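First comes the structure, then the notes that go with it.
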Ligand SMILES: [Mn+2]
């Protein structure tokens, strides 16, 4: 069986059409794999449509981002027919999620059947936070950001601190014997000269290209593929 190519992308944020354009541009084949390193939900016009497309494709795998984590923690209270009173802790989470762009996700979620809502919840419960990959001589760790350490220490099988972007750009290794691939922090906030571009460092790769482009990296030849996207810039201060 021919082993296909491996691609990574992150922070699609509801931009379903741009995601389809990326799949088309890279010509994703059945033996290829695409890893989405978190944040498919919120902000953009069709986050649930995007998530449902991902769920249907056996060669596309989603790792949880902080936006999926919010959904995982509170979407159950929004399942159709749920008459349970929303506990205070979940009300606070809902509020925190809302100010981060949850409305398109919640609106789409409330317009699908209860069965489809439950499929989404059980899919998110099965998603991992991190993924290790060996491609040729290179080892990679894929993780949206360091949030498992913050939100769920039991699931944290790695310990990295991504809070200091400058430190990352100085290229100190964060993962022993491997290259960390993450999203979350737009590359222009790490270094403005990389506005709209993937950053490929020796020890770290950053995928979130900000509000104007989606970038996809092929781990076999390190080639980059971009499509334009128009995201609401107010989310990327
Ligand atoms: Mn994001």
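Of all residues in region 50-72, exactly one satisfies the criterion of being under 18 Å from residue 108 (Cα atoms), free of Cβ contacts under 8 Å to residues at least 24 places away in the same chain and away from the ligand (no atom under 16 Å from the Cβ), namely 56. The set of residues in region 222-237 that are outside any helix (DSSP H, G or I) and touching a residue at least 24 places away in the same chain (Cβ under 8 Å) comprises 224, 225, 226, 227, 228, 229, 231, 232, 236. Can you find a residue that is within 14 Å of the chain's Cα centre (by Cα) and within 24 Å of residue 219 (Cα to Cα) anywhere in region 42-53? Yes; the residues of region 42-53 include at least one that is within 14 Å of the chain's Cα centre (by Cα) and within 24 Å of residue 219 (Cα to Cα). Of the residues 181, 190, which is crowded, with 22+ Cβ neighbours inside 10 Å and at pLDDT 80 or above? Matching residue, one of 181, 190: 181. Of the residues making up region 96-113, at least one is more than 17 Å from the chain's Cα centre (by Cα), at pLDDT 90 or above, within 16 Å of the ligand (Cβ to nearest atom) and not in a helix (DSSP H, G or I).
Candidates are the residues of region 199-214 that are farther than 16 Å from residue 19 by Cα and away from the ligand (no atom under 14 Å from the Cβ); the one that is surrounded by the fewest Cβ atoms within 10 Å (Cβ to Cβ) is 202.
Out of 34, 75, 69, 64, one residue alone is crowded, with 20+ Cβ neighbours inside 10 Å and at pLDDT 95 or above. It is 34.
Residue 120 passes all but one of (1) assigned to a loop (DSSP other than H, G, I, E, B); (2) surrounded by 15 or more Cβ atoms within 10 Å (Cβ to Cβ); (3) at negative phi; which number fails? The failed condition is (1).
The number of residues in region 1-32 that are part of a loop (DSSP other than H, G, I, E, B) and within 16 Å of the ligand (Cβ to nearest atom) comes to 6. With the structure loaded, tell me whether residue 228 is more than 26 Å from residue 132 (Cα to Cα) and either within 13 Å of the ligand (Cβ to nearest atom) or surrounded by fewer than 15 Cβ atoms within 10 Å (Cβ to Cβ) (or both) or whether it fails that test. Considered against the rule, which asks whether it is more than 26 Å from residue 132 (Cα to Cα) and either within 13 Å of the ligand (Cβ to nearest atom) or surrounded by fewer than 15 Cβ atoms within 10 Å (Cβ to Cβ) (or both), residue 228 comes out as yes.
Note on region 33-49: among residues that are in contact (Cβ under 8 Å) with a residue 40 or more places away in the chain and within 13 Å of the ligand (Cβ to nearest atom), the one that is farthest from residue 13 (Cα to Cα) is 37.
The values are calculated or read from the model by the stated rules, or taken from the named source; none is laboratory data. This is a predicted model, so every value here is computed, not measured. Every residue, glycine among them, receives a Cβ derived from its backbone with ideal geometry; neighbour counts consider all protein chains shown.
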